[in-house]
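For reference, the structure discussed in these notes is given below.
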Amino acid sequence: MQKNLFIAFEGIDGSGKSTQVKLLAEKLISEGHKVYTTCEPTSGPIGKMIRSVFSGAAKADHRTIAALFLADRLEHLTNEVDGLLLKLKQGYTVITDRYYFSSYAYHSVYVDMDWVIATNSICADLLRPDLTIYIDISPEVSMQRINAGREALELYETEDNLRQVRSFYQMAFDKLKAEEKVFTTAGNRSPEAISESVWAEVSKRIQ
Ligand code: ADP
Ligand code: TYD
């Protein structure tokens with residue numbers, strides 16, 4: 001029997017998440033699955049508030065930013081039109097570009113990780129990923145890719161910050177290894193090679 005999974009992609013900015021979300025979705029669709037792809041921050045009203053803080057148009061304390069991401073995530077989960085819980089119930093395999101590990105990694109640079117994990121426990125209780133796929137890449141490579149692709153850099157996009165975020169990802173994975181399934185794949189390879197490693201991991205969970 002085929003099972004519809006909830007898969008979260010994680011990684012520092014520019015690690016190649018959206019590229020891999022697309023490749024995995026194409027592969028799953030070609031195998032006959034119904035797939036719903038999504039991302040955080042969302043494009044909803046709370047996601048828009050987050051983006052206005054990131055662009056510098058609004059200012060907020062880092063605890064407020066963490067709380068906004070939590071609110072955005074709860075809405076992402078429970079929205080009655082296109083929420084993740086609904087999509088899974090409808091039989092879609094759901095792939096998200098970022099979920100709560102992004103909060104653990106990015107906000108821990110400024111606030112206590114245990115507080116971020118504790119406040120997000122409501123999301124973990126509602127929906128834990130069947131698999132979190134972490135694309136591991138050095139901040140140097142990530143910054144090269146970001147600088148090549150965009151003109152304006154966002155709030156967290158400095159090499160030093162991304163170095164800290166990367167180490168907090170690792171810390172969060174270690175802390176939560178008993179309850180979370182995390183697959184780490186090296187991101188400094190071709191998109192195709194990464195996609196093959198991802199497929200090897202996902203395909204064994206749907207057969
Ligand atoms: P993210 O969603 O994690 O920010 P993207 O998938 O948007 O990352 O990739 C960031 C940039 O790097 C894009 O310009 C993309 O084309 C490029 N890119 C993605 N994956 C790879 C890869 N494996 N090798 C080299 N460049 C890549
Ligand atoms: P986005 O433009 O989606 O970046 P990317 O394409 O690199 O994923 O912006 C997301 C930014 O928000 C990114 O820098 C990570 C950050 N973020 C948090 O700080 N906390 C969170 O909980 C999430 C989901 C993202």
Segment 138-207 - percent relative contact order, Cα under 8 Å, separation 6 or more: 23
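Tell me, which longest segment in the chain has none of the GluC sites (Glu not before Pro) that fall in DSSP loops with at most 14 further Cβ atoms within 10 Å? Can you show the working numbers first?
Numbers: sites that count: GLU31, GLU80, GLU151, GLU154, GLU179.
Longest run free of exposed loop sites: 81-150.
Using the beta-carbon distance between GLU31 and ASN161 and R0 = 35 Å, what value does 1/(1 + (r/R0)^6) give for FRET efficiency, to the nearest 0.05?
Values: r = 38 Å, r/R0 = 1.09.
It comes out at approximately 0.40.
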Fully extended contour minus Cα-Cα distance, from SER203 to LYS59, at 0.36 nm per residue: 47.5 nm
Along the charge dipole of the chain, Cβ charges K/R +1 and D/E -1, which of PHE54, TYR92, PRO129 sits furthest on the positive end? TYR92
To the nearest 20 debye, what is the magnitude of the charge dipole of the chain about its Cα centre, counting +1 on the Cβ of each Lys and Arg and -1 on the Cβ of each Asp and Glu? 420
Could you tell me the center-to-center distance, by alpha carbons, between segment 184-207 and segment 58-96 in angstrom? 25
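State the extension gain, in nm to one decimal, for the chain segment bounded by ALA148 and LYS175, taking 0.36 nm per residue of separation less the distance between their alpha-carbons.
6.3 nm
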Rank by packing, highest mean first: peptides 104-112, 166-174, with packing defined as the count of other Cβ atoms within 10 Å averaged across residues. 104-112, 166-174
Tell me, what are the semi-axes, in whole angstrom and largest first, of the equivalent ellipsoid of the chain as set by the roots of 5 times the Cα gyration tensor eigenvalues? 25, 21, 17
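A short reminder: the numbers here are calculations on the coordinates, not readings from a lab. Remember, predicted model here, so these are calculated numbers, not experimental data. Cβ sites come from the backbone with ideal geometry, for glycine too, and all protein chains shown count toward neighbours.
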